[in-house]
Amino acid sequence: MRPKLSIGYSQRGADMGRAEIIPDDQAVPIKMYLRPITFPKAADGGCYDEGGAYWGSGTPVYWAHGELPEEMECHTTGSYVLFDAKHNQVDLYFRAASRKAAKAHVLTVLPNATFYQ
């Protein structure tokens, strides 16, 4: 089953992008799913993802995500941290021209990551 993005808006409007969740130990081996984020066709040209977060237009946006073992922990990045709880779900969001470039970007953050097909 294809995972869905979380809600990307609140009573104040759409989020600008999404917060990343990265492992506390970035050298941990992790298997990642990697997919381009789809933008539904809309009058705005498709600048909002399926969860409602705003990205603007330009180079494709990719979502890399995976799970760590229960004993591992992650933290959020960015200035708008939405939670303080401990998580084992890893989420990276970034722009890349191709899947190959997207994989290369993930490996700069998580050097021991591998990818599902």
Exercise. Taking the range 1-25 only, how many residues are surrounded by fewer than 15 Cβ atoms within 10 Å (Cβ to Cβ), modelled with pLDDT of 65 or more and of a type outside the set (Lys, Arg)?
Worked result: 5
Exercise. Which residue pairs have Cβ atoms under 7 Å apart, sit 6 or more places apart or on different chains, and have a first residue in the range 86-114 that is over 20 Å from residue 24 (Cα atoms) and a second that is part of a loop (DSSP other than H, G, I, E, B)?
Worked result: 95/58; 95/59; 95/60; 96/59; 96/60; 97/59; 102/96
Exercise. Quick check: anything in the range 94-109 surrounded by 12 or more Cβ atoms within 10 Å (Cβ to Cβ), modelled with pLDDT under 85 and over 14 Å from the mean Cα position of the chain (by Cα)?
Worked result: no
Seminar exercise, completed: Across the range 41-76, the tally of residues that are modelled with pLDDT under 80 and under 24 Å from residue 100 (Cα atoms) stands at 1
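The values are calculated or read from the model by the stated rules, or taken from the named source; none is laboratory data. Computed from a prediction, not measured in an experiment: that's the story for all the values here. We place every Cβ from the backbone using ideal geometry, glycine too, and count neighbours over all the protein chains shown.
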